[in-house]
Structure formats: C-alpha cells, structure tokens
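The values are calculated or read from the model by the stated rules, or taken from the named source; none is laboratory data. For clarity, every value in this text was computed on a predicted model and none was experimentally measured. Every residue, glycine among them, receives a Cβ derived from its backbone with ideal geometry; neighbour counts consider all protein chains shown. In case anyone asks, the SASA skips ligands and DNA or RNA and just uses the protein heavy atoms, side chains included. Shrake-Rupley method; radii C 1.70, N 1.55, O 1.52, S 1.80 Å.
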Amino acid sequence: MEFGAPHMKLSVPGRVTATAVAATVSLLAGGSIAGAAPAGTSAVAAAPDIPVANVKAHLTQLQSIATANGGNRAHGRAGYRASLDYVKAKLDAAGFTTTVQQFTSSSRTGYNLIADWPGGETNQVIMSGSHLDSVTAGAGINDNGSGSAAVLETALAVSRAGFHPTKHLRFAWWGAEELGMVGSKYYVNNLSTANRSKIKGYLNFDMIGSPNPGYFVYDDDPGIEKTFKEYYAGLGVPTEIETEGDGRSDHAPFKNAGVPVGGLFSGADYIKTAAQAAKWGGTSGRAFDRCYHSSCDTTANIDDTALDRNSDAVAYAVWGLSQ
Ligand code: DTR
Ligand code: CA
Ligand code: ZN
Ligand code: ZN
C-alpha cells in the first residue's frame, strides 16, 4: 500500500523548526495555505525536534555497556542482553507495552525487543525498527547504536508528547542482524497472516550517524520514500537512493512478506565520491564509515549533524505516516 504525502497542519511554535518548514513545504505542495488544514482533512500534529543530545546519551550508555562486557554488544553475549535491558527499561518507564521475543541462533540465545504504544487502530500498524546487536569486533555505535538510539528517542518523544495518532505505533530492536537478519526474520516468520497484513509500513534505520556521512533514502515503497525526501527537501539537503543495502538489513524480511518498507542510511564501507563530497561535505576518497565492523566503531565514530538530521527524520516519518 502506498502512502500519500501526509497533510500536515502547522501550529508553528515561536521557533520554526526544520520539521515545520518541511511540513509547510508539503502542505503548500498540496495547494493548501499553511496554517489551515486542507479541506477534508483534520488538523494533524507536527513532529517534534528530537534532541540529538538525548540520542548521544543513549550511545554513551551503549558504549559503556560494550566496554563493561568484553568490548561488544554481539548476539549471544552479555553486552547484547544488557543493551536490550537498557532500552526496555526506558520504554517501560515511558508507558510502552514491551515484549521480549527469544530465539536461538548459532547455539546462542537471542532476543528481539518489541514496544507497542497503547492506542491507535491495531489493524493499522506503523512500525519502526533497528538492529541492536553489534559485531564481535567492537561496540557497534554507528552500526547500529545510531539507529537503535534514534528509534528509542523517537519512541520516548511519542510518550513525552502524549502523541496518540490514528494508527497504532510499534517499535522494534532486533537481535542477530549481523548473523543474517536472524531476529527480524524470526519475528516476521512468527506473525500470523492476519497480524502481518496489519503492518502498513516498516521503517528501518541501520547506520544513520556515519562519520563521513551520505544521505541515502531507501527506494522500496514510494510513499515512504516520498515522506523522507520531503523532510530532507525541507532542510535543503540533497539525498540519493539507497542501493547498497538491498536485502542486507532488517527491512528485507518485511519486504519479502509484502509489507511496505522504507528507511534511511548514512553509508558504510563504500567510498564517498568527489561529487558526493561537493553536495554533502566530508572527505571524498574516504569511506562513509571507515570503522565499519571494526573496533573503532565507538562513540567517536559518529557525525552529530547526520545523527541529528536522521533522528529528526525518524520522528517526521513516524508522525507523518501514522495520522
Ligand atoms: N548495516 C550493515 C548492513 C548494510 C550495509 N549497507 C547497508 C545499506 C543499508 C542498510 C544496511 C546496510 C550491517 O548491519 O552490517
Ligand atoms: Ca534534532
Ligand atoms: Zn547494521
Ligand atoms: Zn553490521
């Protein structure tokens, strides 16, 4: 199912945020005057700014967890379960209904964390997810603490805002993605046909804070893709279609099951070209993330601007696609 661009009425606070500008662009594109909900639609809430300091604080916690548990947060190791317990505690305190789904892979116990925000039409689920595991080589702060922390902070922002959209919001942190998307495959394979059909969109965030960042948007579902491109258009940041990761992250099991998917990516071991550096900044001839799957993927391996912009894009899409 395609998503239309969300009609978003702006009640712009004193400070016009990038999200508000993006939403205005969307509204104007729809021929309506900002400030008045288009005919036939009701006023909708604009996404809040996601404080990047909060996202970075989660990354600091994940780094500490890795450091205290053999240097990683990998499947089947203590650091993974400690990472899940950290995320779960935040969500439980914020009023989410959390579920820990257990599975076995490579003779080790793995876990998915699912968090449902009470309310909304449960036959219309908008789901956002990130893999929480790292490789054994390191802490996995960009891959994929960045996505996990952005999704966590967006969920916490839903709670802070008392946001209660038409659709039901679900968030997920996957185990054992690095072993071949094991956790997300387990989740999708264990959904009944009815429950699978209720998921109207799955948004995936895997590496969104790369130190030499690019701004890539998944080109799977056109409606979801359009929502992310609207957001970046509002920032005046050019994007490229994400092609490197087709089938390589947790959106793949959902796409294979017929669920509309989308997501964002800031780059891994591919090399940034001169043309890309000209539009995005950073260093041409260098990988987007030269610490990919390495021990140097620590909290020092993050570009704050990319993390901030992409975290705000997560919120923009969650707000925009659920109302
Ligand atoms: N994050 C990587 C998988 C990966 C490599 N390129 C892309 C592009 C888009 C999404 C994911 C990926 C990993 O987990 O190893
Ligand atoms: Ca922000
Ligand atoms: Zn990853
Ligand atoms: Zn990885």
Cα-centre dipole for the chain with unit charges at Cβ (Lys and Arg positive, Asp and Glu negative), debye to 20: 480 debye
Cut-off under 5 Å, modelled amide H: who pairs with Leu264 long-range: Asn204, Asp206, Tyr218
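Mean 1/r over all different Cα pairs, inverted: what Kirkwood radius does the stretch 49-206 give, in Å? Intermediate values should be presented prior to the final figure.
Details: mean 1/r = 0.0643 Å⁻¹.
The Cα-based Kirkwood calculation yields 15.6 Å.
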Estimated vicinal HN-Hα couplings, Hz - the stretch 167-184 in sequence order (Karplus 6.51, -1.76, 1.60; Gly, Pro = x): 8, 8, 9, 10, 10, 9, 10, 8, x, 6, 5, 5, 8, x, 6, 5, x, 5
5 Å binning of all Cα-Cα separations within the stretch 49-104, expressed as whole percents from 0 upward: 4, 18, 22, 22, 21, 10, 2, 0
Carbon/sulfur fraction of accessible area - the chain, other protein chains in place, 1.4 Å, %: 50 percent
Charge-dipole axis of the stretch 140-234 as Lys and Arg at +1 and Asp and Glu at -1 on Cβ define it, positive-most pick from Ser146, Gly183, Leu169: Leu169
Backbone N within the stretch 112-130 under 20 Å of label point (7 Å from Ala93 Cα along the Cβ vector): 113-118
Accessible area expressed per residue, the stretch 197-323, with surrounding protein chains retained (probe 1.4 Å, Å²): 33 Å²
Reachable lysines, given that their alpha-carbon falls under 22 Å from the alpha-carbon of Lys88 and they are not under 8 places away in the same chain: Lys56, Lys185
Karplus-derived HN-Hα couplings along the stretch 109-118 (A = 6.51, B = -1.76, C = 1.60, θ = phi - 60°), whole Hz, x at Gly and Pro: 7, x, 9, 9, 10, 10, 10, 9, 8, x
Kirkwood hydrodynamic radius of the stretch 168-297, Cα pairs, Å: 15.7 Å
Largest-first principal axis extents, alpha carbons of the stretch 221-323, Å: 39, 31, 26
Estimated 222 nm signal from helices in the chain, with DSSP H stretches of n ≥ 4 weighted -39500 (n - 2.57), rounded to 500: -11500 deg cm²/dmol
Partner lysines for Lys200 [C-alpha distance under 17 Å; skip if fewer than 8 residues away on the same chain]: Lys167, Lys226, Lys255
Label-point gap, in nm, between Thr67 and Asp304 - each point 7 angstrom along Cα→Cβ: 1.8 nm
Descending principal axes extents, the chain, alpha-carbon based, whole Å: 57, 48, 35
Amide H contacts under 5 Å for Gly110, placed H, 5+ residues apart: Phe103, Thr104, Ser105
Cα-based convex hull, the stretch 231-284, per residue volume (Å³, whole number): 90 Å³
